[in-house]
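A.B. asks: Handing you a structure now.
Read-outs throughout are calculated quantities, based only on the coordinates presented, and are distinct from any laboratory measurement. The model shown is predicted, which means the values in this text are computed figures rather than measured ones. Counting neighbours? That spans all protein chains shown, and the Cβs are built from the backbone with ideal geometry, glycine included.
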Amino acid sequence: MAGSLKVLLVGSGGREDALAWKLSQSPLVEHIYVVPGNGGTERPGSGVSNVSDTAADDYPRLLLLSQRLGVGLVVAGPDQAVVDGIEGYFRGSGIPCFAPSREAAEVEGSKAFAKDFMKRHGIPTAAYETFDSYLKAKQYLESLDYRVVIKVDGLAAGKGVVLPVDKKDAHRALEQIMVHGQSGSAGDSVVIEEYMDGNEISVLTFSDGKTTRTLPPGQDHKRAYDGDCGPNTGGMGVYAPVPFVSATNMEEIERLLLQPTFRGLDADGRRFVGMLFTGVMLTTSGPKVIEYNARFGDPETQALMLLLKDTDLAQVLLSCTNGSLSDVTIDVSSDFACNITVAAGGYPLDYSKGGAIVLHTPPKDVQIFHAGTTYIDGQLVVSGGRVFSVCATGSTLRKAVSNAYAGVKSIRFDGMFNRTDIAAKSLSLL
Ligand code: AMP
Ligand code: GLY
């Protein structure tokens with residue numbers, strides 16, 4: 001690293017390891033401090049190191065730390081930081097913070113807010129109603145003759161969405177959330193919405209508040225096991241770009257979903273600066289928004305960073321914070337990228353931590369990002385459910401997928417598992 005810019009990166013997942021990896025290639029950057037980081041972001045001598053004595057959600061201390069270290073860019077990884085309004089703690093400090101304001105991040109922080117926002121601005125999404133009262137929610141459910149999805153209003157660590165198979169199942173889920181408090185206070189208010197059939201894609205867009213730049217679409221695999229079976233997870237693998245998404249589809253997504261979203265937030269006094277993640281369902285009646293996240297997606301980011309070729313990520317993030325994104329080139333490769341999540345046995349339910357990991361040097365062109373790992377007494381061990389993101393590129397989707405799977409063989413620990421069918425549906429259509 002040749003530059004003089006010090007970066008403070010908040011988070012501890014595969015997304016943050018990938019962001020640190022890409023930021024470390026920037027000629028502007030001297031050092032990246034990751035709070036709290038993981039086993040992959042502690043790389044002595046490489047300009048990337050962890051800060052373990054400051055909590056990732058102690059924003060006043062993060063400001064003091066940044067001032068003490070001479071940090072020139074703060075980057076927020078996780079949802080909690082953006083929804084808590086980390087950006088506001090740095091506003092006026094002279095230290096740019098790549099994160100939307102708390103007001104703009106409400107598109108992620110409150111599903112009810114996001115749905116009302118979309119309705120107000122005519123952005124296509126599933127029909128819905130929001131309820132604070134269990135009895136009213138129950139009556140509404142009774143009156144519907146279509147399949148529904150139930151979402152708790154607040155952040156619920158990826159566990160806030162239930163996809164009931166029938167009405168009985170839906171009633172049971174509603175009772176669990178609103179009567180038995182299964183999701184805690186996040187479930188005091190619920191959104192009941194129409195189930196949308198179609199192909200789901202993830203669209204990530206940089207914004208400086210005026211100019212936006214959308215990256216190639218990715219497709220995540222949320223269920224734990226092959227064939228889209230098992231419980232929902234934080235993401236078991238992703239690939240990008242998605243071959244069945246045409247340039248026309250992307251133009252429609254920009255025109256019907258993304259631009260109205262940025263314009264709408266601006267009009268509501270919530271100008272969005274940062275990374276907007278839009279979950280999009282491609283339905284027979286056009287693209288519709290499933291959800292927004294006000295930050296980089298995980299596991300999408302790990303794959304996308306590999307496609308950013310010579311792009312200077314530090315320059316892109318700084319340009320978003322100072323309104324000059326239109327001056328910056330984002331160089332996207334024509335390759336495909338694939339990311340396989342290697343998880344701990346039992347994830348996303350109970351899994352054991354502390355197991356020793358053996359990590360061999362992966363094949364050339366494979367990039368292994370750490371997620372749930374840490375070092376204890378010099379030994380790399382499992383510390384989270386999603387343990388690694390194994391990423392690779394290829395000139396075709398098939399090559400990218402097989403390269404990534406070849407990389408998985410470099411990892412060994414007791415109980416490890418991964419899906420074996422990432423991108424299989426897309427590949428079967430080619
Ligand atoms: P969310 O947290 O809103 O992204 O929801 C988690 C997952 O549930 C999404 O990635 C979709 O796979 C699924 N989902 C959410 N809303 C709907 C919907 N209205 N119709 C179909 N699937 C949905
Ligand atoms: N991949 C979805 C998310 O980051 O929430």
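A.B. asks: When 1/r is averaged over all different Cα pairs and the result inverted, which Kirkwood radius in Å belongs to the range 178-289?
C.D. replies: This gives a value of 16.1 Å.
A.B. asks: Now for a different question. With N denoting the number of residues in the range 1-146, provide Rg(C-alpha) divided by 2.2 N^0.38 Å, to two decimal places.
C.D. replies: 1.36
A.B. asks: Please report the net charge: other residues with Cβ closer than 15 Å to the Cβ of residue 286, K and R +1, D and E -1.
C.D. replies: That sum, taken over residues with Cβ under 15 Å, equals -4.
A.B. asks: Going from the alpha-carbon gyration tensor of the chain, what semi-axes, largest first and in whole Å, does one get by taking the root of 5 times each eigenvalue?
C.D. replies: They are 32, 26, 23 Å, listed from largest to smallest.
A.B. asks: Could you list the chymotrypsin sites (Phe, Trp or Tyr not before Pro) in the range 176-226 that lie in coil according to DSSP, counting only those with at most 16 other Cβ atoms within 10 Å of their Cβ?
C.D. replies: Listed in order of number, the matching sites are 195.
A.B. asks: Taking the Cα centre of the chain as the origin and placing charges on Cβ (Lys, Arg +1; Asp, Glu -1), which of 269, 258, 203 is farthest toward the positive end of the dipole?
C.D. replies: Result: 203.
A.B. asks: On to the next question. Considering the dipole of the chain built from charges on the beta carbon (Lys and Arg +1, Asp and Glu -1) around the Cα centre, which of 370, 215, 357 is farthest to its positive end?
C.D. replies: After comparing all options, I get 357.
A.B. asks: For residue 151, give me every one of the aspartates and glutamates with a C-alpha distance below 13 angstrom, ignoring sequence neighbours fewer than eight places off in its own chain.
C.D. replies: Once the sequence-local aspartates and glutamates are set aside, what remains near residue 151 is 108, 129, 132, 175, 188, 193, 194, 291.
A.B. asks: Per DSSP H run of at least 4 residues, take -39500 (n - 2.57); add these up for the chain, divide by its residues and hand me the 222 nm value, nearest 500 deg cm²/dmol.
C.D. replies: Taking each H run of at least 4 residues, the total per residue is -7500 deg cm²/dmol.
A.B. asks: Another question, then. Using only Cα atoms, locate the centre of the range 297-336 and the centre of the range 83-147, then give the distance between them in Å, rounded to an integer.
C.D. replies: Rounded to whole Å, the Cα centres lie 26 Å apart.
A.B. asks: Pick from 229, 320, 338 the residue whose mean-square fluctuation is largest in a GNM of the chain, springs joining Cα atoms under 10 Å.
C.D. replies: Answer for the Gaussian network model of the chain: 229.
A.B. asks: Still on this model: Using the structure shown, select from 111/138; 138/425; 167/288; 111/399 the pairs with a Cα to Cα distance greater than 30 angstrom.
C.D. replies: Beyond 30 Å between Cα atoms: 138/425; 111/399.
A.B. asks: Same structure again: Where does each of 360-368, 74-82 land if you order them by average Cβ count within 10 Å, highest first?
C.D. replies: Answer by packing, highest mean first, reads 74-82, 360-368.
A.B. asks: Tell me, what is the FRET efficiency for residue 331 and residue 252 to the nearest 0.05, using R0 = 25 angstrom and their Cβ-Cβ distance as r?
C.D. replies: 0.50
A.B. asks: For the range 95-240, what is the Kirkwood hydrodynamic radius in Å, using each pair of distinct C-alpha atoms?
C.D. replies: Final number for the Kirkwood radius of the range 95-240 is 17.0 Å.
A.B. asks: Hey, how much of the P(r) for the range 239-330 falls beyond 22 Å, as a percent of Cα pairs?
C.D. replies: Result for the distance tail: 35 percent.
A.B. asks: Taking the Cβ of residue 47 as the centre, find all other residues whose Cβ is under 10 Å away and add up their charges (Lys, Arg: +1; Asp, Glu: -1).
C.D. replies: Neighbourhood net charge equals +1.
A.B. asks: Do you know the relative contact order of the chain, to the nearest whole percent, from alpha carbon pairs under 8 angstrom that are 6+ apart?
C.D. replies: Taking the mean separation of contacting Cα pairs over the length of the chain, I get 16 percent.
A.B. asks: Related question: What whole-number distance in Å separates the alpha-carbon centres of the range 26-78 and the range 346-384?
C.D. replies: If we compute the Cα centre of each part, the gap is 21 Å.
A.B. asks: Near residue 309, within a Cβ-to-Cβ distance under 12 Å, what is the net charge of the other residues, with Lys and Arg +1 and Asp and Glu -1?
C.D. replies: -3
A.B. asks: Just the number, please: Stokes-Einstein D of the range 73-177 in µm²/s, Kirkwood Rh from C-alpha pairs, 37 °C, 0.692 mPa s.
C.D. replies: 208
A.B. asks: Among the chymotrypsin sites (Phe, Trp or Tyr not before Pro) within the range 99-182, which fall in a DSSP loop and have no more than 14 other Cβ atoms within 10 Å of their own Cβ?
C.D. replies: In loop regions of the range 99-182 (DSSP not H, G, I, E or B), the sparsely surrounded chymotrypsin sites (Phe, Trp or Tyr not before Pro) are 146.
A.B. asks: Moving on. For labels at residue 188 and residue 64 in the simple 7 Å Cα→Cβ model, what's the distance in nm?
C.D. replies: Taking the simple label geometry, residue 188 and residue 64 are separated by 3.1 nm.
A.B. asks: Let me ask something else. Would you mind calculating the gained length between residue 132 and residue 361 on full extension (0.36 nm times residue separation, minus the Cα-Cα distance), in nm to one decimal?
C.D. replies: That pair, residue 132 and residue 361, stretches by 77.2 nm at full extension.
A.B. asks: Now, a different point. Which residue, chosen from 74, 86, 109, occupies the Cα position most advanced towards the positive end of the dipole of the range 65-116, where the dipole is computed from +1 (Lys, Arg) and -1 (Asp, Glu) charges on Cβ about the Cα centre?
C.D. replies: Ranked along the dipole, the leading option is 74.
A.B. asks: Moving on to the next point. Once you compute Rg and the Kirkwood Rh from C-alpha atoms, what is the Rg to Rh ratio for the range 295-430?
C.D. replies: My calculation of the ratio gives 1.03.
A.B. asks: How long is the range 30-73 along each principal axis, judged by its Cα atoms, biggest number first, in Å?
C.D. replies: Here the Cα extents, ordered largest to smallest, are 27, 20, 14 Å.
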